[in-house]
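The values are calculated or read from the model by the stated rules, or taken from the named source; none is laboratory data. Predicted model, so just to flag it, every value in this text is computed and none were measured. Neighbour counts run over all protein chains shown; Cβ positions are idealised from the backbone, glycine included.
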């Protein structure tokens, strides 16, 4: 880190003083109500619940505050606060009441009166708002009882559901910025790098490169000017881990960047965040401003003689800008396109200066290491993949949301214990409904039933032909067509290709066309051979990580679901019944009542039959417009 600017230094706030004053004020409040204000709950109306709840609390005479002020010496009845994402997204809006240990789910405006009158005034639990476990029907009172929460190991995510993300004093009270102070005042840059290296922290953005090693490489580069960049350009379909951390605990990201700056000798940093994350942008900007006001960013931090300034930049939503050299080009004002490596950013990054780039979750993990030691950090996870990983659990699973588990946990535990099991197409739990999990988004691959007991970590997943990626987990049931799923991800990567290199630009287009041929019934045996050849060539010859990993979903489908894709090509049949061109139009005789409505509505006269007798469809005439299925009240028409 470079010496402070010669202008008069800003005095950094005393962390113990702030922590003590906040604790004194918070201890004088009888109850705390925490409304989840992550994007998912906000979309479901949690801010309106917060507003109406505040009005109701004041109307019944409960002394209520929405922010704990350091100078407040009064006793209050209720602290009504907001948190970031509490994880259980499908159950939102979520309302937590402490110290009662109550979690209310799917809270609506009409529930506010009962929460205030029954719970806060009479001490009763509103049973209908408690979480009900699928299958058993058991009601659970709070986080400590709900399997979705109690089976996790929430470390990075824990503050996101508890702290007010817009109150820097509360973050400090929870131990915030103490790790940054320690790094600046008690440790050399080499010591910081070594501690993170001993912890075994690996990049959570997908690559899994050792963070401490990356910092050591950047520290070793000559030059007075260096940069730290937070890669918050999270673009994988179904992934929202980084967004939730920024929304729920932005100061942890800032503190992690400050520590990284100390480690490599930087005095300036950038948070590169997607424009599509307005709430994350708002909260990270406020966190930066609050940290600057307290002297936690700026000059002469903690009297160390070191400075660090932070900029927030919004990206335009290009998936390729998640690749570090494309991200750098975007910050520099150029089109976001990858550059050949070497030189690596550690050697020549932003404006040609040595630069370290880490993702949000990686940086938010760093303060935990310096606070509790590398040895403590390694107590969770595996030898080669220490610590925890956040995953966005979505798809055909009972409990969707944001989870955090130690590396080494099995897919079975995530899907069936934390996730609550797999749902069929009617939304019912079905023990035999599991088909696959797409892990790592468009860069990842499929895990099948044979992988359910595979420990999830960087090395074991690579051996299975998949990757951790950013942490998206999309669960699929037996009614999912894996060819269509591969096509979905290929369409995404083809759209997001920057076009700089021919293999990615043209190869993804060709793979997409071949998948379309298979889905629409034009596939031949040579189609499968060509698809594999193109996929292999694109993976080997593309310039950046987007192109190199683009074929992964295709190759995984060929590897794990060869019989299903061959059924499309050879038998002209979609086993999942999803590919319209391969469906045989049919009226099920046991369901048809012979009402003749379908025959009257068919625009090409393809349906025939006597009244009150089962009807039939002539496949040669049928154009699969779907009108017959729409008008049939008995669900007798299939394949259209």
Any hit, segment 504-515, residues being crowded, with 21+ Cβ neighbours inside 10 Å, part of a helix (DSSP H, G or I) and in contact with a strand residue (DSSP E or B) (Cβ under 8 Å, 6 or more places away or on another chain): no
Helices (runs of 4 or more DSSP H) enclosed by segment 1-65 - at least 1 residues per element that are surrounded by 13 or more Cβ atoms within 10 Å (Cβ to Cβ), modelled with pLDDT under 95 and touching a helix residue (DSSP H, G or I) at 6+ places or on another chain (Cβ under 9 Å): 15-26, 39-43
Of the criteria (1) surrounded by fewer than 21 Cβ atoms within 10 Å (Cβ to Cβ); (2) assigned to a helix (DSSP H, G or I), which one residue 244 fails: (1)
Of all residues in segment 489-499 being closer than 15 Å to residue 322 by Cβ and outside any helix (DSSP H, G or I), the one that is nearest to the chain's Cα centre (by Cα): 497
Candidate set from segment 139-152 (those that are surrounded by fewer than 17 Cβ atoms within 10 Å (Cβ to Cβ) and in contact with a strand residue (DSSP E or B) (Cβ under 7 Å, 6 or more places away or on another chain)); member that is farthest from residue 252 (Cα to Cα): 139
Candidates 260, 239, filtered to the one that is touching a residue at least 12 places away in the same chain (Cβ under 8 Å), touching a helix residue (DSSP H, G or I) at 6+ places or on another chain (Cβ under 7 Å), assigned to a helix (DSSP H, G or I) and not assigned by TED's automatic domain parsing to the domain that holds residue 393: 260
Single condition residue 563 does not satisfy, out of (1) out of contact with any helix residue (DSSP H, G or I) (no Cβ under 9 Å at 6 or more places or on another chain); (2) at pLDDT below 90; (3) assigned to a helix (DSSP H, G or I): (2)
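A quick yes/no check of all residues on (1) loosely packed, with under 15 Cβ neighbours inside 10 Å; (2) within 38 Å of the chain's Cα centre (by Cα):
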site	(1), (2)
539	no, yes
549	no, yes
553	no, yes
576	no, yes
606	no, no
618	yes, no
Which listed residue, of 593, 600, is outside the structural domain of residue 527 (by TED's automatic domain parsing), out of contact with any strand residue (DSSP E or B) (no Cβ under 6 Å at 6 or more places or on another chain) and without any contact (Cβ under 8 Å) to a residue 12 or more places away in the chain: 600
Residue that is at pLDDT below 95 and either assigned by TED's automatic domain parsing to the domain that holds residue 323 or under 30 Å from residue 56 (Cα atoms) (or both), where the choices are 189, 159, 134: 159
Those residues of segment 129-174 which are under 20 Å from the mean Cα position of the chain (by Cα), under 30 Å from residue 17 (Cβ atoms) and not in a loop (DSSP other than H, G, I, E, B), in sequence order: 158, 159, 160, 161
